[in-house]
Number of protein chains: 2
Amino acid sequence: MDTKTALLESAERLARQRGFDAFSYADLSRNVGIRKASIHHHFPTKADLAAELVTRYRETFMAELSAIEQRERTAGQQLAAYFDVYKSAMRGGAQVCLCVSFSVSVSSFAPLVVRQINRFHAESLAWLERVFERGKAEGSIALVGDPSEEAQACLAVAEGAQLIARASGQMSDFDGAVRVIAQRIR
Amino acid sequence: MDTKTALLESAERLARQRGFDAFSYADLSRNVGIRKASIHHHFPTKADLAAELVTRYRETFMAELSAIEQRERTAGQQLAAYFDVYKSAMRGGAQVCLCVSFSVSVSSFAPLVVRQINRFHAESLAWLERVFERGKAEGSIALVGDPSEEAQACLAVAEGAQLIARASGQMSDFDGAVRVIAQRIR
DNA sequence: CCATACCTACCAAGTAGTAGGCAGGCAATA
DNA sequence: TATTGCCTGCCTACTACTTGGTAGGTATGG
């Protein structure tokens with residue numbers, strides 16, 4: 001892996017574990033094994049790092065959702081896979097979604113970063129809305145009301161469930177919060 | 001208001017706006033109008049401040065839920081009031097629940113603080129479970145499945161909805177995420 | 001030859017926290 | 001009543017350390 005990617009990976013893990021304000025270039029330096037000053041060669045300011053982090057995260061995440069859409073047959077299975085993405089990304093309750101972490105400290109970010117977070121939410125909602133629409137049509141998700149509203153609730157549940165599981169460190173809390181929706185998959 | 005309370009109020013607002021790691025004793029000093037060093041007289045370390053903050057927050061919040069339980073007649077109206085507490089506490093999308101903010105950076109807190117956060121979640125769940133149980137019995141909330149699972153989903157929705165609304169700065173996003181549940185109130 | 005990627009050695013500003021002093025209130029005591 | 005002494009709450013002045021960031025140099029490979 002090239003150094004820049006290694007820095008991004010390390011920064012993403014730290015941001016998702018502790019929050020963006022709670023890690024420093026010194027931490028990255030230790031993790032990646034280059035001097036602190038050298039990091040500025042790849043990311044001149046920490047704001048630059050934040051921007052690249054959130055953009056990369058959104059792109060990767062949306063690529064995963066696209067892959068799910070092609071891989072899984074029914075909308076119900078797609079929804080189950082959506083929850084699984086978050087679940088495995090949480091590493092057993094040790095971290096949360098980058099956008100969850102960034103949302104809290106949104107006021108310390110540049111507009112560009114905030115826009116990426118909102119775009120993440122918007123694209124997630126659009127994907128989920130499609131899923132609920134198909135799930136309703138084909139019957140692979142039970143009790144579907146308005147797909148748009150279902151999508152909004154589902155995104156909120158997924159993000160909130162992460163917070164609760166992060167606090168307790170127990171993935172069973174994530175499962176518990178998601179169950180009411182997951183049970184509707186046929 | 002006495003100085004200690006003023007410090008707690010200011011710290012709570014800053015923590016909920018930016019996160020606990022993103023404000024300093026210097027910020028409190030400016031807001032409250034005493035010297036930075038004097039803050040250590042009230043809170044020897046920032047960890048002490050975190051502990052008092054989260055304890056006070058949990059107690060205040062639970063007192064509000066008790067008040068709702070006594071004030072509102074039906075379980076449905078109690079649930080509506082629950083969402084309203086969060087809504088008005090968000091100050092138009094400028095901040096989130098303290099425990100939402102703290103959950104992200106849980107790894108930088110002492111066990112005592114983490115325990116308070118989990119207790120907040122546990123007590124919220126217990127309260128919500130009672131509400132869904134009564135709502136099911138009296139018919140003031142429609143389509144109630146297992147009250148415990150409903151409660152877990154509802155807490156997750158409330159917390160997740162805050163994150164999304166915080167990122168966009170629009171309270172309509174909170175309303176949108178909560179709607180699927182709120183619509184079930186009869 | 002020159003760009004890339006790294007280095008050492010800094011810097012100014014900000015971080016939590018400490019040491020020690022001082023003013024005023026309050027309460028026990030002479 | 002006057003005096004003593006302690007406690008609370010704040011102050012100035014400081015420390016040790018970390019923060020993001022800069023300046024300028026060097027090695028290496030196309």
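Things to note:
- Average beta-carbon neighbours from other chains, 10 Å sphere, peptide A:106-117: 3
- Treating each Cα of the stretch A:92-171 as an identical point scatterer and summing with the Debye formula, the log10 of I(q)/I(0) at q = 0.18 Å⁻¹ comes to -0.84.
- Residues of type aspartates and glutamates that residue B:87 reaches as a straight line, Cα spacing below 15 Å, ignoring anything fewer than 8 places off in the same chain: B:64, B:159, B:173, B:175
- Among the residues of A:143-149, the average count of other protein chain beta-carbon atoms within 10 Å of the residue beta-carbon is 2.
- Reachable lysines, given that their alpha-carbon falls under 28 Å from the alpha-carbon of residue B:36 and they are not under 8 places away in the same chain: A:46, B:4, B:46
- Nonlocal amide H pairs with residue A:185, under 5 Å, H built at 1.01 Å: A:142
- For the protein assembly as shown, dividing the convex hull volume of the Cα atoms by the residue count gives 134 Å³ per residue.
- Dividing the C-alpha radius of gyration of chain A by 2.2 N^0.38 Å, with N its residue count, gives 1.10.
- Full extension of the chain between residue B:115 and residue B:66 gives 15.5 nm of extra length, using 0.36 nm per residue less the Cα-Cα distance.
- Hull volume in cubic angstrom per residue (convex hull over the Cα atoms of the stretch A:1-85): 100
- Shortest-first distances to equivalent copies, position residue B:70, nm, label 7 Å out along Cβ: 6.1
- Of all beta-carbon atoms in chain A, the one sitting closest to the axis that brings chain A onto chain B gives A:160, 2, with the distance in whole angstrom.
- Heavy-atom accessible area for residue B:157, with the other protein chains in place and a 1.4 Å probe, reaches approximately 0 Å².
The values are calculated or read from the model by the stated rules, or taken from the named source; none is laboratory data. Because the structure is predicted, anything quoted here is derived from the model rather than measured. All Cβ positions, even for glycine, are placed from backbone atoms using ideal geometry, and neighbour counts span all protein chains on display. Side chains included, ligands, DNA and RNA excluded: accessible areas come from the protein's heavy atoms. Shrake-Rupley method; radii C 1.70, N 1.55, O 1.52, S 1.80 Å.
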